[in-house]
Amino acid sequence: MGNHKLQVEAIQNGSVIDHIPAQQGLKILKFFKLAQANEKITVGLNLNKKNGLRKDLIKVENTFISDEQANQLALFAPDATINQIKNFKVVNKFKVQLPDAFVGVLACPNSNCISHNEPVNTQFYVNNRNELKLKCHYCEKSFVRSFFNELD
Ligand SMILES: [Zn+2]
């Protein structure tokens, strides 16, 4: 009771990504190559939530998550919140938002898709927000998230 906030130590400046579904924290670290930036990162896995479920949490020092990154985060954690910390204080807090489209982020799972052979940016439209279904701009096929290697 009352010590949930002490599960991960405070940071002076940087970002805290909270409310990540359990099992997604390490995928997010890998996808955004967060560990390669040489900043101190604290990761909490399988932390207790008040409702009895588990969550992951990531604190990255001296790094501020951009709006574009926040959009991409929604691929892993549609309910995540981002807290920006300056001098140990939360100066900005917002929820990630699933955008209408992802450009240049994901490769098309369809190996026959022309996006693999042409020098184009891949482009996917979100056509089902609940189960996260993405439709390729080029081959017009729709895929659920488990088809994308990048999200694994
Ligand atoms: Zn395609």
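The values are calculated or read from the model by the stated rules, or taken from the named source; none is laboratory data. Bear in mind the structure is a predicted one, so any value in this text is a computation, not a measurement. When we count neighbours, we look across all protein chains shown, and the Cβ atoms used for this are built from the backbone with ideal geometry, even at glycine. Surface accessibility is based on the protein's heavy atoms, side chains included, excluding ligands, DNA and RNA. Shrake-Rupley method; radii C 1.70, N 1.55, O 1.52, S 1.80 Å.
Does residue 151 satisfy the criteria of being closer than 15 Å to residue 24 by Cβ and within 16 Å of the ligand (Cβ to nearest atom)? Yes: the conditions hold for residue 151.
Can you tell me which residue is nearest to the ligand (Cβ to nearest atom) among those in the range 113-132 that are under 19 Å from the mean Cα position of the chain (by Cα) and open to solvent by 70 Å² or more (accessible area, probe 1.4 Å)? Even if it seems obvious, please write down each step before you answer.
Of the range 113-132, the ones under 19 Å from the mean Cα position of the chain (by Cα) are 122-132.
Narrowing further to those that are open to solvent by 70 Å² or more (accessible area, probe 1.4 Å): 125, 127, 129-131.
On the way: 125: 11, 127: 13, 129: 20, 130: 22, 131: 19 Å.
This residue is 125.
Taking the range 1-114 as the region of interest, the strands (runs of 3 or more DSSP E) fully inside it that hold 2 or more residues being among the polar types (S, T, N, Q) are 41-48, 81-86.
Note on the range 99-112: residues that are surrounded by 16 or more Cβ atoms within 10 Å (Cβ to Cβ) and away from the ligand (no atom under 11 Å from the Cβ) amount to 3. Kindly check whether there is at least one residue in the range 41-48 that is open to solvent by 70 Å² or more (accessible area, probe 1.4 Å) and in contact with an Asp or Glu (Cβ under 6 Å, 6 or more places away or on another chain). Looking through the range 41-48, at least one residue is open to solvent by 70 Å² or more (accessible area, probe 1.4 Å) and in contact with an Asp or Glu (Cβ under 6 Å, 6 or more places away or on another chain).
Here is a list: 89, 27. Which entry is open to solvent by 30 Å² or more (accessible area, probe 1.4 Å) and either closer than 17 Å to residue 148 by Cα or acidic (Asp, Glu) (or both)? Quick ask: steps written out before the conclusion?
Numbers: 89 fails: either closer than 17 Å to residue 148 by Cα or acidic (Asp, Glu) (or both).
Exactly one of 89, 27 is open to solvent by 30 Å² or more (accessible area, probe 1.4 Å) and either closer than 17 Å to residue 148 by Cα or acidic (Asp, Glu) (or both), namely 27.
Taking the range 133-146 as the range and being within 25 Å of residue 33 (Cβ to Cβ) and more than 11 Å from the ligand (Cβ to nearest atom) as the test, the residues that pass are 144, 145, 146.
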